[in-house]
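Since the structure comes first, as structure tokens, the remarks are kept for the end.
The values are calculated or read from the model by the stated rules, or taken from the named source; none is laboratory data. Nothing here was measured: the structure is a model prediction, and the numbers come from that model. Backbone-built Cβ (ideal geometry, glycine too); neighbour counts: all protein chains shown. What goes into the accessible areas is simple: the full protein's heavy atoms, side chains included, and nothing from ligands, DNA or RNA. Shrake-Rupley method; radii C 1.70, N 1.55, O 1.52, S 1.80 Å.
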Amino acid sequence: MSSKQHETIYLEDYQPPAWLISHTELRFELEEEQTLVRAQLSVQANPLVSDKRRPLELFGDVDMELCRLSIDGEILEACDYQRKGDRLLIENVPESFTLECVTRLLPHENTALEGLYKSDGMFCTQCEAEGFRRITFFPDRPDVMSIFRTTLVADKALYPVLLSNGNPIESGEDGEGRHWVTWDDPWPKPSYLFALVAGDLAMLEDRYTTTSGREVALRIYAEPKDLDKLDYAMQSLKNAMRWDEDVYGREYDLDIYMIVAVDFFNMGAMENKGLNIFNTSCVLAHPKTTTDQGFQRVEGVVAHEYFHNWSGNRVTCRDWFQLSLKEGFTVFRDAEFSADMNSRTVKRIEDVSLLRTAQFAEDAGPMAHPVRPESYMEISNFYTLTVYEKGAEVVRMLHTLLGADLFRKGSDLYFERHDGQAVTTDDFVAAMEAVSGRDLGQFKRWYSQAGTPRLEVSDSYNPETCEYTLTVRQSCPPSPGQDHKQPYLIPLNIGLLAEDGQELYSGMLELTKEIQQFRFDNIASRPVPSLLRGFSAPVKLEYDYSDEQLLMLLSNDPDGFNRWDAGQRLCIRLLQQQMQRYRDGVPMTCPETLVTAWRQLLLDESLDPAMVTQCLRLPSEAQLAELAGVIDVAAIHDAREFMRKALAEALEQEWLMAYQRCDTGEAYSPDAESTGRRSLKNLALAYLMATGREPWLELTRQQYEQSDNMTDQLAALSLVAHSEFRETAEELLQEFYQQWQHESLVMNQWLAVQASDPTEGALERVKELAQHPIFDARNPNKLRSLIGSFCAQNLSSFHAEDGSGYIWLADWILKLDKQNPQVAARLLTPLTRWKRYTAERGSLMRAQLQRIIDTNELSADVYEVVSKSLI
Ligand code: TRP
Ligand code: ZN
């Protein structure tokens, strides 16, 4: 075991920077074979740090070529500084000076997609979290904020568009076909928000006037072929700008707001000041090529990055342990925005489903960490569901505890107090404390303790006194490095319903102790409790509901989220019973009560189709896995398939009626209502196909051929592709490929559909697809579509008994680690959960992790994940 030694960074070691950089001037000479970067930093001793002899500490990637380094014009020789790993130290520097540094970069060879790299033909950057140190030597930490002025020089024919943060202030020609543009960003910012783009780009332009009258030019850039796919992002941007003014009182603060779409990108998008860079998958949208889900993602991500301009950029993070300060808050903001633009309850259901499957699994796994982690080896590994989604739930709980008005006062105070500063999650909570007069000390455990809390609720009713009592016990399982947890402050929204569904009480309980009782007077008969309404806290709640009570809640709870949740609880219970039958070798059954309840939902035309869809969707295999003590992949798959088929057959007529009712022939529009109708239509079609009967294959084929939008076309394709009608499956997949081979994002879907096909021979198929000309192992979207989908969506194939899926994934990880460590570490996730599986599979998974760690020279990204999961 000779992996490189990777250093662990601890929150408790935080020290403020000894040196500040007031101004940073950058000049990029962009060429095909190399890029020269000249950086001039105005350096001053930090007046708040007393130890004046601390050396100047700069970060710079180990492989970065340093061409020249000077202080106030005097060249430094190699003996004047030390390079240790990714650090460069200079001792005995004056109180204030100019540091000049020239580095040589090879962007065309940069496959890690951090720092300066090429995406198709264009130059672009990704600096969060620590990518700026791959561009020049710099105090690359978020608490060093500097005013940037950037000049780009490049060939004018190849790179007519030259962009950076802020406003363009000067430009000119340089001879030999080269031109240059200088950009000036007046707002001090940390280096992780720096960006540049150079390329031959088309642009959609619009304008926006802020409430106070500032005129903002809105520009969205993409490759010329994608110019027709930018309108939805533009509309979403304008909606987001208006919303942030209305709901948070926040305006934009520059004259230009730019978004650039690039096809090679490690994540979704990046909030660089005034120059967001987006994964094409999160900005391009067109009815013909984008599904409803895709449209929603564009709207949400455009808003998310825009909201960062305040929650992240104007007020930024002191250090990377505080990442949730910007991400949790911003996810909460974008979720509320999407809820306001679409259906609030549906948005909540989607977010909670993600949290329950993926975040709960993360919080129970070897990489579990608090919302504010205490240590890391590689910060890229901490852009997690916990920091983002659980972090957003923590902010939501503050909103619930304080109420909307006080929360807004708190956010106003936070922005006012800390504008232009790099701060901590404690500062955020302190602003909420100041406006509410509350002590939120106990609440802060949500930031420091990992693991998903469990609430066990029981009740009693006294008919004599008409008293109803709820008893709530909270606990939280151990997580790495944290054996014992202290009780949390938990807002528990509840209602009490009479047997006939009438609401007797609704309100918020505040849990603070391990065990607590709540008494309700004047309750005329034993009520049914509706607990954790709207998912008011990210916990697992247990209460011993009868089937009848769940059915009553499913049809009567005034809280839409809990209506859905009651249905889910019932489905999960019934599925778990079938899994037990499967293991016992007893025939599985589908209870008539469920069929009756579903029939009612399907026939009630007054219900919102989007809600009906959510209610009639069985919990995913991943969610059932998360809930299992020991994950038995085959039992989960077979029980779920059995139920799906049984519900398909029992309600065949009703599915058809729902299909026909929702198949209105209206022109495509991505609004919430039409999206909801399409979702029920395609769910109904999926159940019809699950019967395995030929007429429905014909109907699906017809939809495939006649649809005018990607939502319906792709839904039909994937139903056929995952069916036993293999001949038609191959035919349609081939047809689809012929039609869309030149649309990269559509081809990602084509790969994902095949990778998630659970029928016989899945691994052979994905192996073949990896050889297909449209697959590109350097493109993260392609990797996620093929490898990610197979390992995370196709559980029965990935977990094949012989371990072949695990070997295939490990082969890929070893190959990708050299090329793109961030993506490699992410794709690795499914293997890290080996302890949760039955013994044979667990040990096969573990063997592959061992094989990875036995390899020399692993990146810090992969090393951290593998080593922690082997403990
Ligand atoms: N800050 C980005 C966001 O809006 C996340 C991000 C984009 C990122 N690219 C990255 C994080 C690369 C790490 C590495 O959420
Ligand atoms: Zn973000």
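Do we have any residue at all in segment 398-408 that's within 16 Å of ligand 2 (Cβ to nearest atom) and either at pLDDT below 95 or within 30 Å of D671 (Cα to Cα) (or both)? No - not one qualifying residue is present in segment 398-408. The lone criterion from (1) open to solvent by less than 10 Å² (accessible area, probe 1.4 Å); (2) under 17 Å from S191 (Cα atoms); (3) within 12 Å of ligand 2 (Cβ to nearest atom); (4) not polar (S, T, N, Q) left unmet by A269 is number (1). Candidates L496, L470, L532: the one that is open to solvent by less than 20 Å² (accessible area, probe 1.4 Å) and either modelled with pLDDT under 95 or within 20 Å of H399 (Cβ to Cβ) (or both) is L532. Here the condition is being open to solvent by less than 30 Å² (accessible area, probe 1.4 Å), at pLDDT 95 or above and farther than 27 Å from H369 by Cα; of S797, S804, it holds for S797 alone. Taking each residue of segment 781-805 that is part of a helix (DSSP H, G or I) and looking for partners that are of a type in the set (S, T, Y) with beta-carbon atoms closer than 6 Å, six or more apart or interchain, yields N781/S281; S789/S756; Q793/S756.
Among the candidates S679, S606, S674, S669, the residue that is among the small types (G, A, S), open to solvent by 30 Å² or more (accessible area, probe 1.4 Å) and in a helix (DSSP H, G or I) is uniquely S679. From the list A339, A361, A368, the one residue that fits, being more than 16 Å from ligand 2 (Cβ to nearest atom) and free of Cβ contacts under 8 Å to residues at least 12 places away in the same chain, is A339. Taking the conditions (1) over 26 Å from the mean Cα position of the chain (by Cα); (2) of a type outside the set (F, W, Y); (3) within 16 Å of ligand 1 (Cβ to nearest atom) in turn, G420 satisfies each one other than (3). Considering segment 77-123, and only residues there that are basic (K, R), closer than 30 Å to A269 by Cα and open to solvent by 50 Å² or more (accessible area, probe 1.4 Å), the residue that is farthest from the chain's Cα centre (by Cα) turns out to be R104.
Residues in segment 236-247: is at least one more than 16 Å from ligand 1 (Cβ to nearest atom), within 24 Å of G199 (Cβ to Cβ), open to solvent by less than 20 Å² (accessible area, probe 1.4 Å) and modelled with pLDDT of 95 or more? No, every residue in segment 236-247 fails to be more than 16 Å from ligand 1 (Cβ to nearest atom), within 24 Å of G199 (Cβ to Cβ), open to solvent by less than 20 Å² (accessible area, probe 1.4 Å) and modelled with pLDDT of 95 or more. For segment 473-484, the condition holds for no residue, the condition being that it is assigned to a strand (DSSP E or B), of a type in the set (A, V, I, L, M, F, W, C), free of Cβ contacts under 8 Å to residues at least 60 places away in the same chain and open to solvent by 10 Å² or more (accessible area, probe 1.4 Å). Of all the residues in segment 296-326, those that are out of contact with any Cys (no Cβ under 9 Å at 6 or more places or on another chain), within 11 Å of ligand 2 (Cβ to nearest atom) and among the acidic types (D, E) number 0.
The criterion of being away from ligand 2 (no atom under 16 Å from the Cβ) and over 29 Å from Q819 (Cβ atoms) does not hold for D263. A112 meets each of the listed conditions (1) away from ligand 1 (no atom under 16 Å from the Cβ); (2) in contact (Cβ under 8 Å) with a residue 60 or more places away in the chain; (3) at negative phi apart from (1). Per the conditions (1) within 16 Å of ligand 2 (Cβ to nearest atom); (2) within 30 Å of D51 (Cβ to Cβ); (3) open to solvent by 10 Å² or more (accessible area, probe 1.4 Å); (4) of a type outside the set (S, T, Y), the sole criterion not satisfied by Q126 is (2).
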